[in-house]
Structures are given as structure tokens and as C-alpha cells.
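Before any comments, here is the structure.
The values are calculated or read from the model by the stated rules, or taken from the named source; none is laboratory data. Everything numeric in this text was worked out from a predicted model, so none of it was measured. So basically every Cβ, Gly included, is an ideal-geometry build from the backbone, and we count neighbours across all protein chains shown. Just the protein is used for accessible areas: all its heavy atoms, side chains included, with ligands, DNA and RNA removed. Shrake-Rupley method; radii C 1.70, N 1.55, O 1.52, S 1.80 Å.
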Amino acid sequence: MCEIFCFNSNTPKQVNECLECFYNHSEDHPHGWGLANMQSNEFVIDKEPIKATCSQHLKEILSNPLVSKNVFAHIRLATMGEIISPNCHPFIELDDNNRSWMLIHNGTIFDYPPLDKYREIETGNTDSERILLYIIDNVNKFEEAKGAPSTIKERFNLLAELIEEMAEGNKLNLMIYDGDLTYIHSNMRDSLYYLNNDEGFLVASTPITDDENWKPAEMNKLFGIIDGNIIFESEEHDNEFILTKEHEEFIQKHINSLNLGD
């Protein structure tokens, strides 16, 4: 599967060293890389369907100071979808109130029929992009029924409900950003870690610094983070994902098909 990373702080910080360490994990995740860097209330998005350590473009980006309050990164091991740029994370979409949403995903949706209809409108062909389209569709419906834009807390509560439902039988490690709030969710043991210190809030699939204070993220909860602080925390749900032999065979079959060029 993939690896994911985010940095969230109340002041801009340089994150080159963390990103370099993160992208060095791409030997085991060779199917693409992505980077979302928030600058002046707009995301600068870069991504390619090649191994991160082989990307000249990424080397050029990291050869200069990358300073930001909000940074998200992804390296891909394809479990669904082709190795093409539209399938690389992060995914960005606008809702009906012109709010920009960003999503990166580590995991696989093995079975969740409400996502199926988005196959017809997605740009690529990944379950991850369909998750974002589904979330935005539900936000639009909520705000249409309300007759006004949602509050941050309303959006958090809505996503907590949607993610709990999607998590049943599926690996759903997510990082989402709606322009105000960073959402973090994990439902698989030992698959997401965090470090909170004076520099800010770091979250990654595996610890990426030598700091001994990295801790496993609490599972089966949605967290909302602003300026390096957790401001919302959902109730714990029961949909922990446990990888089975059948899951592993499903994933390996897809990876083999990519290697064969099928």
C-alpha cells in the first residue's frame, strides 16, 4: 500500500529534511509521488507517476527551502488503478461553495458500493479519488439542505459519520484538508504515527525523524487539526481493519498485473 505524510503548524516552517526522509521510502512504494504545499491560501500541487527517488522534478523542488504551515505528501504502491499521473495523490476538488478539498489515502476500498457511481466522473481510476468525490457530494447535499455554508464543526461531524461507514472492511488511513481543517484518520494498527512538538504537528505512516517521541496514532477516530493543535476528536468506532491473506492476495494480483503491463 502507500505511505502518507502531513505537517501542520501555526507558523511556516521548513520541512525539506522531513520530506527527503519520507520520499526515501519510495523503494517500496515506486508507483508515484505527490506533494501539496499550501501557499497564500492556495495549494501548489506537484505529482508524477514515477518513483520519488528517480524524479528530477522532486529533486529540484527539495533543492530549495520548502517553507509552509501545511504540507502533505504521498508515495504510491498501487493497489487499484494504473500507474498514471491522474492516479497519483493528492486529489483536489471544489465543492459547490468553491471550497477546495484535498485528499491523500493509504489503503484500499475492498467493498463500499456507494463509491461505485463516481467511476463515471473521476479523472483517473482509483478508489481514493472516489472517496473524495463521495465526501464532496455529501458536503454539497448537507449545505443545500441547510441553505448556507457549513461550519467547521458541521463538516467535521459529517466526515466522521461518512468515514466510520466507509471504514468497515476497508483500510482507510486518510489525510484531508478543506482549507480550514486538517482531518486525520487511521483504522489499521501500527500504520500511522504522530509527533507533536514546538515545530508543529507531524503525521506519517512511519516515524521519519530520530525523535523518540513519535507515538502511534489512535485508531478508529477522526481528528481535526488547526495550527498544530487537535481541536476536534470523534468518538471511537468499531471498524478496525485487519489485513487478511485474501486481502494480500487481492493486492498482490493487482501489483503483478502492473508489473506485467496488463
**Item:** Options I61, I45: the member that is on the phi < 0 side of the Ramachandran plot and within 16 Å of the chain's Cα centre (by Cα)
**Value:** I45
**Request:** Would you mind finding the one in N41, N8 that is under 22 Å from W101 (Cβ atoms), surrounded by fewer than 20 Cβ atoms within 10 Å (Cβ to Cβ) and in contact (Cβ under 8 Å) with a residue 24 or more places away in the chain?
**Result:** N41
**Prompt:** Listed residues I83, I45, I50; which is within 20 Å of F7 (Cβ to Cβ) and of a type in the set (A, V, I, L, M, F, W, C)?
**Reply:** I45
**Message:** For the range 216-243, give me each residue that is over 30 Å from K69 (Cα atoms) and open to solvent by 50 Å² or more (accessible area, probe 1.4 Å).
**Reply:** D238, E240, I242, L243
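Looking at the structure I just gave you, is S191 modelled with pLDDT of 95 or more and more than 28 Å from A78 (Cβ to Cβ)?
no
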**Message:** Among (1) farther than 19 Å from Y112 by Cβ; (2) modelled with pLDDT of 95 or more; (3) among the acidic types (D, E); (4) surrounded by fewer than 13 Cβ atoms within 10 Å (Cβ to Cβ), there is one condition E248 misses while meeting the rest; what is its number?
**Reply:** (2)
**Prompt:** Would you pick out the residues in the range 143-166 that are open to solvent by 20 Å² or more (accessible area, probe 1.4 Å), over 22 Å from I231 (Cα atoms) and not small (G, A, S)?
**Reply:** E144, K146, E165
**Item:** Given (1) among the hydroxyl-bearing types (S, T, Y); (2) open to solvent by 50 Å² or more (accessible area, probe 1.4 Å); (3) part of a helix (DSSP H, G or I), number of the condition Y118 does not satisfy
**Value:** (2)
**Request:** Please specify each residue of the range 186-200 satisfying the condition of being open to solvent by 10 Å² or more (accessible area, probe 1.4 Å), within 29 Å of D238 (Cα to Cα) and outside any loop (DSSP other than H, G, I, E, B).
**Result:** Y193, Y194, N196
**Neighbours by Cβ (under 8 Å, 6+ apart or cross-chain): first from the range 241-260, in contact (Cβ under 8 Å) with a residue 60 or more places away in the chain; second aromatic (F, W, Y) and open to solvent by 30 Å² or more (accessible area, probe 1.4 Å)** = H247/F110; F250/F110
**Message:** Checking the structure you have, find out if any residue of the range 124-135 is open to solvent by 10 Å² or more (accessible area, probe 1.4 Å), among the β-branched types (V, I, T) and outside any helix (DSSP H, G or I).
**Reply:** no
**Message:** Quick check on this structure: which one of L243, L222 is in contact with a His (Cβ under 9 Å, 6 or more places away or on another chain) and either part of a loop (DSSP other than H, G, I, E, B) or aliphatic (A, V, I, L, M) (or both)?
**Reply:** L222
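This table checks each residue for (1) open to solvent by 10 Å² or more (accessible area, probe 1.4 Å); (2) under 22 Å from H57 (Cα atoms); (3) modelled with pLDDT under 95.
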residue	(1), (2), (3)
A73	no, yes, no
M80	yes, no, yes
S85	yes, yes, yes
D96	yes, no, no
I104	no, yes, no
D111	yes, no, yes
